[in-house]
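J.: Before anything else, here's the structure in question.
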Amino acid sequence: MKSSQSISSKSTKENGKGKINYFLVFLICWLVVVAGFIGWFLLRFNDFAASYEAQYQASLPVHKAEEITKRFNDHDIDYILENMTEKPPVTGFENDTVVRDYITELLEDKTFTCSESDNSSEAAPEFNVKTSDGFLVAKINLAEDSGKKLPYGFKAWKENGLVFYTAASVEVNVSAPETYTVYVNGIELTEGNLAGDIKESELTQYVEPYGRIPGTATYKVTGLYKKPVVTAKDYLGHECDCVYDEKTDTYSVGFIKDFEGKEELSQYAIKFASTFANFVSQDAGSTALDKYFPSGSKALSYIKRNSSRELYTNHGKVEIKNGEIKDITVFSDEIVYMEVYVEQHMQMYFGSKEPEVLPTDAHVYFVKIKGKWYVGGIQY
């Protein structure tokens, strides 16, 4: 009996050793599936993250700004001019061509970079365009391009304004007689271009009351992009000199030196200077000068009151030689200034037998009255 139970128990233990543990199998399979899913998920997530990062970087507004900046490096003047928010102001003395030339010159032989400005915001990005040496030349404004849809809801950007910093800093200063006409790039200057009132000439005192010497007009033109061409015409409408002084940054137009009838008046001036010299030395009569002056001339009265004539040294023969006109200024058809030079070769009663040479350098203002030239005044 005891032996039979022992055999049965042994048989049961051997049968138990052959059974499969289904829970363990399930657990292993589940772990394999989970591990596979995690691996698949990680791979998919990595792809998503890489794609997300790439799309994010591509959507940054700096890329659009760099795309526009490339136009500067390509010297695409047409693009810049067409896309400016506001066209540069141009005065009536220049045209749009000069702006194009100005921008072309500014971009020439330079490279440009862009960087986000201090005024930039997430909704309205703004970038500065600078040269390699840090000179600011433009500003780029961007806005969301709602017409384009990017993955993951990122924004697309478009240009919303291009400001190119033009500096119309050239100015022109011109000084000319008020009766002359001045032109800047072929455009006549008017009263609106005057920098102040007409400055009266101090020389008028030598021709009063018979006439007036034209005053000086000072013109100023600003807002130009390049140095202009400045020309002038005299009161007769003839081209005349216009000289630029770099120190004062001013164009000066002087009175003309030539006129019709110059030779005739020059001979008349030499005769007057000769008579004047002889009158002072008492080699001409007391009325010898009268014909050269208008009736009632104060200048003539002053000459006759000059006491030095009465004290002039006694001498012998006098000859007038080497008469010449050293300078001429034509103020108008009725007023002309001449610097007249003559020499008195005077034989003295003592000393050398050679005559003494006495020069006279007269600064004479001639006025025309009823078609005839007279001495209006003498500048001493």
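J.: If you average 1/r over every pair of different alpha-carbon atoms in the stretch 203-268 and take one over that average, what Kirkwood value in Å do you get?
T.: This gives a value of 15.0 Å.
J.: Mind checking which lysines have their C-alpha under 20 Å from Lys227, skipping anything on the same chain fewer than 8 residues away?
T.: Hits, sequence-local ones excluded: Lys247.
J.: Sticking with this one: Collect residues whose amide H, placed 1.01 Å from N in the peptide plane, falls under 5 Å from the amide H of Leu224; neighbours closer than 5 in sequence don't count.
T.: Val170
J.: What is the pair-distance distribution P(r) of the stretch 135-227, computed from all Cα-Cα distances in 5 Å bins starting at 0, with each bin given as a whole percent?
T.: With 5 Å bins starting at 0, P(r) equals 3, 10, 13, 11, 9, 8, 7, 6, 6, 5, 5, 5, 4, 3, 2, 1, 1, 1, 0.
J.: Same structure again: Would you list Leu31, Leu136 from the most to the least accessible area, probe 1.4 Å?
T.: Highest to lowest solvent-accessible surface, that is Leu31, Leu136.
J.: Can you give the three extents of the C-alpha atoms in the stretch 55-195 along their principal axes, from longest to shortest, in whole Å?
T.: Extents along the principal axes, in whole Å: 75, 30, 26.
J.: Build a GNM of the chain with springs between Cα atoms under 10 Å: which of Gly215, Gly196, Gly254 gets the top mean-square fluctuation?
T.: Looking only at Gly215, Gly196, Gly254, the largest GNM fluctuation is found for Gly196.
J.: In this model, which of Lys199/Lys291; Lys199/Lys262; Lys158/Lys226; Lys87/Lys233; Lys70/Lys155; Lys110/Lys233 are farther than 32 Å apart at the alpha-carbon?
T.: Lys199/Lys291; Lys158/Lys226; Lys87/Lys233; Lys110/Lys233
J.: Ok, one more. Can you give me the accessible area per residue for the chain, using a 1.4 Å probe, in Å²?
T.: Working: 23860 Å² over 380 residues.
Heavy-atom SASA per residue in the chain reads 63 Å².
J.: At most 13 other Cβ atoms within 10 Å and a DSSP loop assignment: could you name the GluC sites (Glu not before Pro) in the stretch 229-325 that fit?
T.: Glu246, Glu260, Glu310
J.: What dipole magnitude, in Debye to the nearest 20, does the chain give about its Cα centre under +1 on Lys/Arg Cβ and -1 on Asp/Glu Cβ?
T.: Dipole size: approximately 2400 debye.
J.: May I ask for the distance between the Cα centers of the stretch 104-168 and the stretch 298-370, given as a whole number of Å?
T.: Measuring centre to centre over Cα atoms gives 77 Å.
J.: Next question. Please report the carbon-and-sulfur percent of the accessible area for the stretch 160-302; probe 1.4 Å, protein heavy atoms only, DNA, RNA and ligands left out.
T.: Here it works out to 47 percent.
J.: Pick out, in residue order, every one of the trypsin sites (Lys or Arg not before Pro) in the stretch 176-271 that is DSSP loop and has at most 11 other C-beta atoms within 10 Å; say none if there are none.
T.: Hits after loop and neighbour filter: Lys247.
J.: Check cross-link reach from Lys317 to the aspartates and glutamates: straight Cα distance under 19 Å, and skip same-chain residues fewer than eight apart.
T.: Those aspartates and glutamates meeting the cut-off are Asp283, Glu343, Glu354, Glu356.
J.: How large is the Kirkwood hydrodynamic radius of the stretch 207-365, in angstrom, based on all distinct alpha carbon pairs?
T.: About 19.0 Å for the stretch 207-365.
J.: Under the Karplus relation 6.51 cos²θ - 1.76 cosθ + 1.60, θ = phi - 60°, what is the ordered set of whole-Hz ³J(HN,Hα) values for the stretch 117-122, x standing for Gly and Pro?
T.: Those phi angles translate into 7, 5, 8, 5, 9, 5 Hz.
J.: Can you find, among Ala138, Asn128, Leu107, the residue sitting farthest towards the positive end of the charge dipole of the stretch 55-144, where Lys and Arg contribute +1 and Asp and Glu -1 at Cβ?
T.: So the residue furthest toward the plus end is Asn128.
J.: Pop out the ³J(HN,Hα) list for the stretch 270-278 in order, Karplus 6.51 cos²θ - 1.76 cosθ + 1.60 with θ = phi - 60°, rounded to Hz; leave Gly and Pro as x.
T.: 5, 4, 5, 4, 5, 5, 4, 4, 5
J.: Okay, moving on. If I build a Gaussian network model for the chain, linking alpha-carbon pairs within less than 10 angstrom, which residue out of Ala168, Ala288, Ala176 has the largest mean-square fluctuation?
T.: In the Gaussian network model the winner is Ala288.
J.: Less than 21 Å apart at the alpha-carbon level, and either on another chain or at least 8 residues along: which lysines does that give for Lys298?
T.: Cross-link targets: Lys271, Lys368, Lys370, Lys372.
J.: Provide the percentage of antiparallel DSSP beta bridges, counting only those with both residues in the chain; round to the nearest 5.
T.: Percentage antiparallel, nearest 5: 95.
J.: Net charge near Lys326, counting Lys/Arg +1 and Asp/Glu -1 over other residues with Cβ under 9 Å of its Cβ?
T.: -4
J.: Let me ask something additional. Which residue, chosen from Ile378, Asn193, Tyr312, occupies the Cα position most advanced towards the positive end of the dipole of the chain, where the dipole is computed from +1 (Lys, Arg) and -1 (Asp, Glu) charges on Cβ about the Cα centre?
T.: Working it through, the farthest residue towards the positive pole turns out to be Asn193.
The values are calculated or read from the model by the stated rules, or taken from the named source; none is laboratory data. Quantities reported herein were computed from a predicted structural model and do not represent experimental measurements. Note: ideal-geometry Cβ built from the backbone for every residue, glycine included; neighbour counts use all protein chains shown. Accessible surface areas use protein heavy atoms only, side chains included; no ligands, DNA or RNA. Shrake-Rupley method; radii C 1.70, N 1.55, O 1.52, S 1.80 Å.
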